[in-house]
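All of the numbers you see were taken from the coordinates with simple rules; none came from a lab. Just so you know, these numbers come straight off a predicted model, no measurement behind them. Glycine gets a Cβ as well: all are built from the backbone with ideal geometry, and neighbour counts include every protein chain shown.
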Amino acid sequence: MPDPIDIGTLAPRGEIPSEGTTRARVRYNECDPMGVVHHGSYATWLELGRTELLRDGGVTYAQLEDAGVLLVVTKLALRYRLPARYDDELEILTRVSGGGRARIDHAYEVRRVGENGVAGDLCVEATTTIACVDESGRPRPLPDWLRPRASGG
């Protein structure tokens, strides 16, 4: 097992973005027999959005975990608008919507990408809360640079 990373030396390239988009294509195994995306598939795409937002700032989830900073989902809410189907390209908008000393709240929109390459029809709106814990599962503060910034500042 590698030596743990010192959280003090782990820092992003710049500021972690508060909003970002990523795309995914619906795979066959993510659908029900009618070719409609299974409800459970959305949680995976939301995680993809969160991890890519962090990566855009120059830090990976793997680096956080190596430093003993674990992020766990404590709340997940989805509102289904339109079905996504097999082979649709989806755009996942991920936005930091709030948080605190040991948590980050995110809001998401999952949209179907049209033939013109532009995200259009809203398939799902979602929110999550992730908490920062240590290896024993006890809450711990987020690194200062990972704490959500106050709106407007």
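Summary table below
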{"read-out": "With 10 Å bins from 0: P(r) over segment 19-146, alpha-carbon pairs, percent", "value": "13, 41, 30, 15, 2"}
{"read-out": "Assigned charges on the beta-carbon of Lys, Arg, Asp, Glu; the chain dipole about Cα centre (debye)", "value": "460 debye"}
{"read-out": "Distant-in-sequence amide H partners of Arg140 (H built 1.01 Å from N, under 5 Å)", "value": "Cys132, Val133, Asp134"}
{"read-out": "Residue-by-residue Karplus 3J(HN,Hα) for segment 138-144, coefficients 6.51, -1.76, 1.60, Hz, glycine and proline x", "value": "8, x, 9, x, 5, x, 3"}
{"read-out": "Amide proton proximity set for Gly99, modelled H, under 5 Å, gap of 5+", "value": "Asp105"}
{"read-out": "Cβ crowding within 10 Å averaged over residues, with 74-82, 117-125 ranked highest first", "value": "117-125, 74-82"}
{"read-out": "Gained length - Glu47 relative to Leu76, 0.36 nm times residue gap less alpha-carbon distance", "value": "9.3 nm"}
